[in-house]
Amino acid sequence: MEVLKTLIIGSGPAGYTAAIYAARADLNPVLYTGMEPGGQLTTTTEVDNFPGYPEGVDGPTMMVQLQQQAERFGTKVKIGFITKVELNTKQGEIHKAYTHEGTELLAQTIIISTGATAKYLGIPSEQRLRGGGVSACAVCDGFFYKGQEVAIVGGGDTAAEEATYLAKICSKVTMLVRKDQMRASKAMQHRVVNTPNIELRYNTEIDEVLGNQVVEGLRMRNNITSEVEEIQISGLFIAIGHQPNTSIFKGQLDMDDAGYLITKGKTTKTNCPGVFAAGDVQDKEYRQAVTAAGTGCMAALDAERYLQEVGEV
Ligand code: NDP
């Protein structure tokens, strides 16, 4: 049975960039796309902050182009997902992975770029208006609401950071926190409180996002007094956390409390020799396409060096 030099799991910017580098280094990578080929960027519209696209590019187009670039150098892209892995903890030993069809794959190195999934509230009106004014990424989509009023849900560091980011672009940001306090660090809370165009609403939850084709407003409820209020906004940002896609690695790879893979120092090395992690699956702080692509490049270089160390290239 063929032993792959490099198996890449995940098809966001991290996975495809790893594939471009690995293919050019003759590692003959095979990439499994996962259940959402192209990853989170396929759910956004315009990407304006990826270097090299002066006019911007829409997320799905960019992911197709990244795939084409990876394939140009010989990456085999497989539409499918990995359901189980058996990672070897000894230097130079082979790792196993199983596809959704039950096929066993053997690989000397594995690059994990399975990403993270933004959490949503789950109410029907929010789901219906995703892409129509409901977004889980202020840095990606905030610009579309320049000079307009928006709202953001969440009380963690992400929500606080995104609220202050939005406040620079938008005329007003209403921040909805479900408890009577924020979870964000004191420094971030301080920034939010001291930003004049952020209005903080504690103990507040969303009953319904208003609008047919696009977001026009919110119906929100104070969960102490049950008082209901409607406000007009044109964008709603959900910042209630992300779920890293790491369930198949539990018990085999080191993770933090939230399930993000832990990499060693400035490398993409996991605790398993020959297994590397890139992109949002190991990054809860930056979460940008360009930073994911950067770590994808690093993972391919780390994999190539590892194969040299164990005498395989
Ligand atoms: P967190 O899990 O820290 O916070 C999530 C927030 O969303 C909480 O306020 C939570 O409320 C709220 N929330 C969760 N579910 C709902 C819901 N259904 N309705 C309303 N509100 C909800 O996620 P973050 O993404 O903010 O941060 C993740 C990690 O990344 C943290 O460790 C954070 O410190 C780190 N981070 C660090 C940054 C930095 O250092 N610059 C920047 C961004 C993130 P409740 O408190 O009531 O549970």
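Before moving on, here are some points about what is shown:
- Using alpha carbons only: equivalent-ellipsoid semi-axes of region 173-288, gyration tensor based, whole Å: 37, 17, 14
- Cα-derived Rg over Rh, computed across region 120-238 with Rh taken as Kirkwood radius: 0.93
- Left without a cysteine partner by the 4.7 Å Cβ rule in the chain: Cys170, Cys272, Cys297.
- Assuming charge only on the beta carbon of Lys and Arg (+1) and of Asp and Glu (-1), the dipole of the chain about its Cα centre is about 440 debye to the nearest 20.
- The chain, accessible surface, carbon-and-sulfur percent (1.4 angstrom probe): 48
- Checking the Cα-Cα distances for Lys168/Lys250; Lys78/Lys266; Lys90/Lys119; Lys186/Lys264; Lys146/Lys250; Lys84/Lys264 against a 32 Å cut-off, the pairs over it are Lys168/Lys250; Lys90/Lys119; Lys146/Lys250.
- Span-like helix check, the chain: qualifying full DSSP H segments, with Cα axial length of 27 Å or more and mean Kyte-Doolittle of 0.0 or more, are 289-309.
- Radius of gyration and maximum dimension Dmax of region 1-157, Cα, Å: 18.3, 59
- Peptides 206-214, 168-176 ranked from most to least packed, by the mean per-residue count of other Cβ atoms within 10 Å: 168-176, 206-214.
- Proximity of backbone amide H atoms, modeled 1.01 Å from N, is registered between Lys78 and Leu31, Tyr32, Thr33 at under 5 Å, excluding neighbours fewer than 5 places apart on the same chain.
- Dipole magnitude of region 207-288 about its Cα centre (Cβ charges: Lys, Arg +1; Asp, Glu -1), debye to nearest 20: 620
- Each peptide among 186-196, 73-83, 136-146, 9-19 gets the average number of other Cβ atoms lying within 10 Å of its residues, and from highest to lowest they stand as 9-19, 136-146, 73-83, 186-196.
The values are calculated or read from the model by the stated rules, or taken from the named source; none is laboratory data. Bear in mind the structure is a predicted one, so any value in this text is a computation, not a measurement. Cβ: placed from backbone, ideal geometry, glycine included. Neighbour counts: every protein chain shown. Side chains are part of the model used for accessible areas, which takes the heavy atoms of the whole protein and leaves out ligands, DNA and RNA. Shrake-Rupley method; radii C 1.70, N 1.55, O 1.52, S 1.80 Å.
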